[in-house]
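In what follows, a structure is listed as C-alpha cells, so that the remarks can point back to it.
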Amino acid sequence: MPHSLSVEADFSLEAADGTTLHIESDSDRVTVHLPDFRTARENAGLYRDKATRVKALHRLQRGLQISDLTLDIVVRQHRVACLAPDSRGSWLSLWMGLGNMALFPMGMLRALLIR
C-alpha cells in the first residue's frame, strides 16, 4: 500500500569529475538534471555492471511505489527517462539494463543533437 510522500528540494551536487548535477522536487516528482550523457556515464561507478544496475533500479522502483514518487531524468533540458511506481520497461530499457525505466527516445535525440 503506497504512503504518499511529498518532497520539496532544490540543490546541486558536484560529481566526482567536477560537473554539477541539479536535483529538484515539488511534491511527488523528483527531477535529476544532468548537463550531458557523458556525466552519467563517467559517474556510473558500480552501476556500469548490468546486473547491479538492474537490481538497484528494481529496489528504487519499490521505494518509489511505497512512497508514491516519480523520478525523472532530464539531460540538457530534455526529459530522457522516467521511473514511476507503475512504470513498465520497454524492450529497449530491458536490453540496456534499465529495468522498468520508461525511456523517451525523442528526448534522448534532442539532448544529443540540439545545442
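For this structure, a couple of remarks:
- Pair list, Cβ under 9 Å, 6 or more apart: the stretch 38-62 residue in contact (Cβ under 8 Å) with a residue 24 or more places away in the chain and of a type in the set (D, E, K, R), other residue assigned to a helix (DSSP H, G or I) and surrounded by 13 or more Cβ atoms within 10 Å (Cβ to Cβ): 53/47
- Selection of the stretch 70-82 for residues being touching a residue at least 40 places away in the same chain (Cβ under 8 Å) and out of contact with any helix residue (DSSP H, G or I) (no Cβ under 9 Å at 6 or more places or on another chain) yields only 72.
- Scanning the stretch 99-115 for residues that are modelled with pLDDT of 90 or more and crowded, with 16+ Cβ neighbours inside 10 Å yields 100, 101, 102, 103, 104, 107, 108, 110, 111.
- The set of residues in the stretch 31-63 being aliphatic (A, V, I, L, M), surrounded by 15 or more Cβ atoms within 10 Å (Cβ to Cβ) and out of contact with any strand residue (DSSP E or B) (no Cβ under 8 Å at 6 or more places or on another chain) consists of 54 alone.
- Considering 6, 12, 67, 87, the condition of being of a type in the set (Gly, Ala, Ser) and in contact (Cβ under 8 Å) with a residue 40 or more places away in the chain is satisfied by 67 alone.
- Extreme residue, nearest to the chain's Cα centre (by Cα), among residues of the stretch 22-50 that are closer than 20 Å to residue 97 by Cβ and modelled with pLDDT of 90 or more: 32
- Answer from 72, 28 - the residue that is of a type in the set (Asp, Glu) and either surrounded by fewer than 18 Cβ atoms within 10 Å (Cβ to Cβ) or in contact with a Phe, Trp or Tyr (Cβ under 9 Å, 6 or more places away or on another chain) (or both): 28
The values are calculated or read from the model by the stated rules, or taken from the named source; none is laboratory data. What you see is a predicted model, and the numbers here were worked out from it, not measured in a lab. All Cβ positions, even for glycine, are placed from backbone atoms using ideal geometry, and neighbour counts span all protein chains on display.
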